[in-house]
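Following: one structure in structure tokens, then a few remarks.
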Amino acid sequence: MTPVGGRRVRAMLAATVVAASLGGAILAAAVPSAAAGAASAASAAGPAAAAVPTGAPTTTVTLYVDASAGTQATGCTAPGTAACATIQEGVSAAEKLAGEAVVVTVAAGTYAGGVMVTAGDLVSLTLQGAGGPRTIVTGGTTVRDVTILSGTVTLRGLVVDSGRAIYGGGVSDGSDQPVANLPSRGLAPTRTGMFSAANDPAAATRLPSPAAGGPLTLVDDTFSGDEAAAGGAVYFAAVSGTAGLTAIDDTFSNDTASTAGGAVFVAPGGFTGPETPAAFADDTLTGDAAPYGGGILSLRLTELAFDTFANDTATVTGGGVLMFRPAIVLNSIFDASSCARFSEAPLEGAYNAVTPGTTCPNTSGTGVTATTLGLSATLGVNTAPAAPETLALTPTSPAIGEVPAGQCIGTVSGVPVTTDERGVPRQSSPTAACDAGAYEYVARPPVGPPPVTTRRVSGTTADATAAAALATAFPGTCPGTTGDRPVVLASDEEYADALASAYLAKDLSTGTLLTPATTLSAATLAALRTEGITHVYVVGGPLAVSTAVVAALEATPAYTCEGTKPLGRNLQVTRIAGATAPATAAQVAAFPGKGFVGSADLSGVYGTAAAGVGSSPSPSAPGALRTAIVASDGEFQDAEAAAVLSYAQDLPILLTHRGPSPRRPRAPSPRWASSR
Amino acid sequence: MVGGPMAVSTAVLAALRADGVSVLRVAGPTAGATAAALAGLETASAGSHQGFGWDHHSAGFGVARGNGYQDGLAGAALLGRGFRGSGPVPLLLTASPTTLGQGLVSFLHRVGTRGVGSPPTPVSFLLVLGGPDAVSPALVQAMAGAL
């Protein structure tokens, strides 16, 4: 066998190996093009078609098992009460359907282990759980969960929990001795057998014999807390030429073996034909432990792709994996405890993420360092047990983007596998890189400022909008500060009065309503009541707000705040007006008295052309100066925004004609026109 | 003094100065630009005498149509008092119900990229005065996006 150089590895990866690595069943078909390379043993495999029985296509028969609803012990032909109550009953019913492909759907629930499967007469048998943590098979720490004596079997969507046996606490493809015969600790597996007679004189009698199981496929399963001497969760020993082990999207956690293969033990194959492989893709192995091969110990060709090994431990060697036969390791993660140890060349590896400097401590064989496996950097795998997603990649993990675009998608039996263990797409685009390990990191959107919230304050007319603005400005209360609840009223047909009114509105702790010149608008009338207005300050002369409007106001009853009850008196009206718009503005400015004029110190912007501020090169006295706003009286209405400044800072607005030699805007001495 | 020489002439400005009044003209070429300039003055730091130092911690703006004054003026009390505990809120003006106008666009760009005040605070709310016929929904969306 010729070791394969790095360049050759890359070429193979691009061509076939990724596809091959994703499924044992397809490996034999996919590898021949690479037969001259490392996978020469695989090249001797029979045609892939041998894995699938030939002949007329079969229909799939579905049977039903439901622990809570099922009442039947045989048949199991329909869901609900027609379903069987135990998995064994479902399997026994399936075994009667020779020549069929049977799917036994197992509803969510907890089921007893000890299931014996003899499916050799079927095309295939699938035990289909509900996925996630819902369909649980438990051996109760006394028996194996599922024993497969024959047949092509798939376990999908199951939790295989707390099984216990000598070989394969969760699942094994052969029967073996009672668990009481568990070998003692410290036996070392060997390359050719598993436990040599020298190591374990009783090994021969303990081996599953004969291991007649067919291909075993594990998809979306969880193996947890299973225990054995070899293969805590799974012991796979099929010896026929077509049988391989395929594990996709599975989680193996906290499984233990007293000798080897904490989670999975793959016994030698090829005794009666080609050596069929074991393939692991998108699997997570964590917290599994054994003296040899805490995660996986394999004695046959093995391929790993997109697997994550974290916190798997071995007291002797191979915390993550211990391989005695050629192996292909792609796009996988091995953390510091889960070292990968390979005893026989060649090893092909690429795009793996390995804790730097991690080698498996032992004396013989080929220890594999981070460098030979691929990426060398501190791993960012979240191993905190309480984390929402244990084994999720952290945002800075070097495993992110480690796998180039061409190596992200493989196929299993011709069907593309495009997602990680959870079902998250491997690639955001066909040209995007993807992540090593079973978890594809999805970047959250960058944390920016919260989105700008918008709120619209409006009515169907300008007057109604003014009413809405007044209500919004005084939420849950009414304008004014004392029993007197004032409001300012200005024309909705003229700019100047409403502009100037802001200063008055501030002084009165209220806002401005609008009205047409000749009739009081309905919206404003309604607002006067709901705001509980008692006193209306009309800004502008009779041409702006007619005497008829004032008369209507004076005939309008005043209400309590919220407008629920009449006060028994009408609105009081005060008109503030001059002969012209500037004169009216001046009256408004004078109304509160000069003590109300706000001050501003804008010396910092005087004489500068600050961005957005019109230049006015002029020396200015520093310090807070009593300030007014000067604006055009209406030929240009661009001072609209100044109303807000006027209100907020108590700055009166004085109006002027454009000039060039205008009357200087002048604030008169405090006096104002009396009502009407 | 709010408004350019076409609104309030330089003669008026000069007359005020002659009377010993300190004058700062705040203006832009359009009503929208004038409003933006005023907003800049209002949100600038008071401590350095550059502006009025309006609250930056819940920074927001009001907006109304600039070719029609009623909505903006009627909102003076609302914006001047502040919204939900904010400080006073500057009023911005659009060119029309469906057009932002150059002065407003460049102001929004500046605020959107730099934030408001010192230290800069991102803008958190927009208070629209007037119905969809006064400030179109598309315009509101564009403004919120720009901020």
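Output the antiparallel fraction of DSSP beta bridges having both residues in region A:462-656, as a percent to the nearest 5.
Counting only bridges with both partners in region A:462-656, antiparallel ones make up about 20 percent.
What residues qualify as long-range amide H neighbours of A:Ala101, i.e. H under 5 Å apart, gap of 5 or more or another chain, H built at 1.01 Å from N?
The answer is A:Thr59, A:Val61, A:Val123, A:Ser124.
Of A:Val536, A:Gly578, A:Thr547, whose Cα points farthest to the positive end of the dipole of region A:445-587 (charges on the beta-carbon: +1 Lys, Arg; -1 Asp, Glu; origin at the Cα centre)?
The one lying farthest along the dipole's positive direction is A:Val536.
Contact order normalised by length for region A:481-613, with contacts defined as Cα pairs under 8 Å and 6 or more residues apart; what percent is it? Walk me through the numbers on the way to the answer.
On the way: 239 pairs, mean separation 32.5, N = 133.
For region A:481-613, the relative contact order is 24 percent.
In degrees, nearest 10, range 0 to 90: what is the angle between the Cα axis of helix B:137-146 and the longest Cα principal axis of chain B?
80 degrees
Cut-off is 10 Å between beta-carbons; in what order do B:Asp19, A:Asp145, A:Asp121 appear when sorted fewest neighbours first? Mind showing how you got there, number by number?
Values: B:Asp19 10, A:Asp145 32, A:Asp121 15.
Lowest to highest Cβ neighbour count: B:Asp19, A:Asp121, A:Asp145.
Give me the inter-chain shielding for A:463-473: mean count of other chain Cβ atoms within 10 Å, whole number please. All intermediate terms of the calculation are to be shown ahead of the outcome.
On the way: counts 2, 2, 10, 8, 1, 7, 14, 4, 1, 8, 10.
Averaged over the peptide's residues, the number is 6.
If packing is taken as the average number of other Cβ atoms within 10 Å across a peptide's residues, how do A:162-168, A:398-404 rank, most packed first?
A:162-168, A:398-404
For B:Arg25, B:Arg110, A:Arg144, which order do you get if you count the other beta carbons within 10 Å of each Cβ and list the fewest first?
B:Arg110, B:Arg25, A:Arg144
Hey, can you rank A:295-301, B:62-68, A:451-457 by average C-beta count inside 10 Å, highest first?
A:295-301, B:62-68, A:451-457
If you wrap a convex hull around the C-alpha atoms of region A:59-122 and split its volume per residue, what is the figure in Å³?
64 Å³
Tell me which lysines have Cα within less than 16 Å of A:Lys506's Cα, excluding those fewer than 8 residues away on the same chain?
Qualifying lysines at Cα under 16 Å: A:Lys594.
Can you pull out the chymotrypsin sites (Phe, Trp or Tyr not before Pro) in region B:20-105 that DSSP calls coil and that have at most 16 other Cβ atoms within 10 Å?
none
Determine the calculated [θ] at 222 nm for chain B from helices alone, applying -39500 (n - 2.57) to every DSSP H run no shorter than 4 residues and normalising by the residue count; nearest 500 deg cm²/dmol.
-11000 deg cm²/dmol
Averaged across the residues of A:591-604, what count of C-beta atoms belonging to other chains lies within 10 Å of each residue's C-beta?
Values: counts 0, 0, 0, 0, 0, 0, 0, 1, 0, 7, 6, 10, 5, 8.
Per residue, the average neighbour count from other chains is 3.
Across region B:49-128, how large is the tail of the calculated P(r) beyond 18 Å, expressed as a percent of all Cα pairs? Spell out each step's value before the answer.
Values: 1335 of 3160 pairs.
When all Cα pairs of region B:49-128 are counted, 42 percent exceed 18 Å.
Over chain B, what is the relative contact order in whole percent, taking alpha-carbon pairs under 8 Å and six or more residues apart?
23 percent
With only alpha-carbon atoms counted, please give the Rg and Dmax of chain B, in Å.
Cα-based Rg and Dmax for chain B come out at 15.4, 48 Å.
Summing Lys, Arg as +1 and Asp, Glu as -1, what charge do residues with Cβ under 12 Å from the Cβ of A:Gly90 carry, A:Gly90 excluded?
-2
Under unit Cβ charges (Lys, Arg +1; Asp, Glu -1), what dipole magnitude, rounded to 20 debye, does chain B have relative to its Cα centre?
Using only the charged Cβ atoms, the result is roughly 160 debye.
Return the long-range amide H neighbours of A:Thr534 (sequence gap of 5 or more, or a different chain), with a cut-off of under 5 Å between placed amide H atoms.
Residues meeting the amide H criterion: A:Arg485.
Stokes-Einstein diffusion coefficient for region A:462-656 at 10 °C in a medium of 1.306 mPa s, Rh from the Kirkwood formula over Cα pairs: what value in µm²/s?
91 µm²/s
Going by average Cβ density within 10 Å per residue, which order do the peptides A:561-568, A:348-355, A:285-292, A:468-475 take, highest to lowest?
A:285-292, A:348-355, A:468-475, A:561-568
About its Cα centre, what dipole magnitude does region A:462-656 give when the only charges are +1 on Lys and Arg Cβ and -1 on Asp and Glu Cβ, stated in debye to the nearest 20?
Its charge dipole is roughly 580 debye.
Considering only region B:30-146, what is the antiparallel percent among its DSSP beta bridges, to the nearest 5?
20 percent
Once the Cβ-Cβ distance between A:Ala130 and A:Ala82 is put in as r, and R0 is 22 Å, what FRET efficiency do you end up with, to the nearest 0.05?
Values: r = 18 Å, r/R0 = 0.82.
So, using R0 = 22 Å, E works out to roughly 0.75.
Based on the Cβ-Cβ distance of A:Ala112 and A:Arg422, what FRET efficiency does E = 1/(1 + (r/R0)^6) give at R0 = 45 Å, to the nearest 0.05? Numbers along the way, then the final one.
Working: r = 29 Å, r/R0 = 0.65.
Efficiency computed from Cβ-Cβ geometry: 0.95.
Could you work out the mean count of beta carbons from other protein chains within 10 Å of each residue's beta carbon in B:120-132?
If you average over the peptide's residues, the count of other-chain Cβ atoms is 5.
So who's got an amide H within less than 5 Å of the one on A:Glu303, skipping anything under 5 residues away but keeping other chains? H placed 1.01 Å off N, in plane.
When sequence neighbours closer than 5 places are left aside, the close amide H contacts are A:Ala278, A:Ala279, A:Phe280, A:Ile328.
Read-outs throughout are calculated quantities, based only on the coordinates presented, and are distinct from any laboratory measurement. Being a predicted model, the structure only gives us computed values, none of them experimental. Here Cβ is always computed from backbone atoms with ideal geometry, including for glycine, and neighbour counts include all displayed protein chains.
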